[in-house]
Amino acid sequence: MRLIRKQAFARAGLIGNPSDGYYGKTISVIVRNFRAQVTLYEWDELEILWSEEERNRFRSVYDLVRDVKLHGYYGGIRLIKATIKKFVEFCASQGYALRDQNFSIRYESNIPRAVGLAGSSAIIVAALRALMEFFEVPIPLRVQPSLALSVERDELGIAAGLQDRVIQVYEGLVYMDFSRDRMEKVCGFECGVYERLDPALLPPLYLAYSTDAGEPTEVVHNDLRERWRRGDPAVLEAMQEFARLTDQFRQALEAKDWETLGRLMNANFDLRQSICRIAERHRQMVYAARKVGVPAKFAGSGGAIVGICPDEKFEELQQTLAAIRCQAIRPQVLPPLAGKESADQP
């Protein structure tokens, strides 16, 4: 029996977010400490198996309501269904004839939920990789993020941008330009310009997250998107500034100017705070890290932060964040050496 397993990893936005959905620029890094995995194999019928992550037991009716708000009624199952549908539609639009073979598919994930580490898009990217191999369909690398985005944005109505999917498809460290004049339609999808950068340029990063401080990405983005559509001057100017910060960050990265990198990361959060409603429990994470003397910004939509931390401050940072129920780790960007696992691997 043919068995296919594909993975996609968590990610952290280092600079520029949330401008990726607004013709901005970003730089992101993959976080291999956490991953989603999709397993697919030939089967008599098309079967989508429930994952251990799909909850059917709750502590109370309020726990059920919170779970539905965070994950929807079907959790990751809806992501798998929508991914298959969009994949089939893409193949039809590009003239790929899929062979008559059914399959069974399931997913599992250890990416912390609803803290802005791109857990949903990781499931989608992993599923796309499995479907591409199973049906032997060569989707161009540049198109894959846009196809993955269409699953949530177009099929499920979830507000999102390309950044998460780009870094999960390309992995490593990636500079992304979504400027209107750089966007290009490929295979019917809008695609930006994506450049891989050398991860060796990175300073010592930390990633911290809290599993009890999450909220759905759309809660953060829906209001912002409406203001952007209305032409809110503050939002429009902020998106341009996020792009400027990203270009400055790239220059400082290539010069290994870590002091400037930290200043720009702080500026990114402060700018975001000026145009977005920030939950107090999320703001507390950033300020706690800054009290240790290290820069901090959101890794995504909230519930996780990223920054720079030298080794001599890392233990203090861990202890400070642990006091507010946050775990700080060193993000693993490159694949582990053969036979070795990251010390921060869950």
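The values are calculated or read from the model by the stated rules, or taken from the named source; none is laboratory data. What you see is a predicted model; the values in this text were computed from it and never measured. FYI the Cβ positions are ideal-geometry reconstructions off the backbone, even for glycines, and counts take in every protein chain you see. For the accessible areas, the whole protein counts, side chains as well, though only heavy atoms, and no ligand, DNA or RNA atoms are used. Shrake-Rupley method; radii C 1.70, N 1.55, O 1.52, S 1.80 Å.
Things to note:
- Distance distribution P(r), segment 229-318, all Cα-Cα pairs, bin width 10 angstrom from 0: 16, 45, 32, 7, 1 percent.
- Average projected area [Cα convex hull, segment 155-281], square nanometres: 9.5
- Placing +1 on the Cβ of every Lys and Arg and -1 on the Cβ of every Asp and Glu, with no other charges, gives the chain a dipole of roughly 420 debye about its Cα centre.
- The chain: C-alpha pair distances exceeding 32 Å, %: 28
- Length available on full extension from V186 to Y96: 0.36 nm per residue minus the Cα-Cα distance, which gives 30.8 nm.
- For the chain, carbon and sulfur atoms together expose 48% of the accessible surface, with a 1.4 angstrom probe and every protein chain in place.
- Rg and Dmax of segment 152-192, both derived from C-alpha coordinates alone, stand at 11.2, 29 Å.
- Label-point gap, in nm, between S104 and M1 - each point 7 angstrom along Cα→Cβ: 0.5
- Cα-projected label distance for R153 with V88, points at 7 Å along beta-carbon direction, nm: 2.4
- Every Cα-Cα pair of segment 11-94 was included, and the share exceeding 14 Å stands at 78 percent.
- What segment 94-215 shows is 36 Å² of accessible area per residue, with the surface traced by a 1.4 Å probe over protein heavy atoms.
- Efficiency of FRET between V65 and E226 - r from beta-carbon atoms, R0 25 angstrom, step 0.05: 0.55
- Gain on full stretching of the segment that runs from E136 to R290 - 0.36 nm per residue minus C-alpha separation: 50.6 nm
- Of the residues A36, S51, G75, the one whose Cα sits farthest towards the positive end of the charge dipole of the chain is G75 (charges of +1 on Lys and Arg Cβ, -1 on Asp and Glu Cβ, taken about the Cα centre).
- Histogrammed with a bin width of 5 Å, the alpha carbon distances of segment 294-333 distribute as 6, 22, 32, 29, 9, 1 percent, first bin at zero.
- In terms of the mean number of neighbouring beta-carbon atoms within 10 Å, the peptides 322-329, 163-170, 274-281 order highest first as 163-170, 322-329, 274-281.
- Using alpha carbons only, the radius of gyration of segment 67-172 set against its Kirkwood radius gives Rg/Rh = 0.95.
- W43 long-range amide H proximity, modeled H, under 5 Å: N102, F103, S104
- Reducing segment 150-178 and segment 64-136 to their Cα centroids gives an inter-centroid distance of 14 Å.
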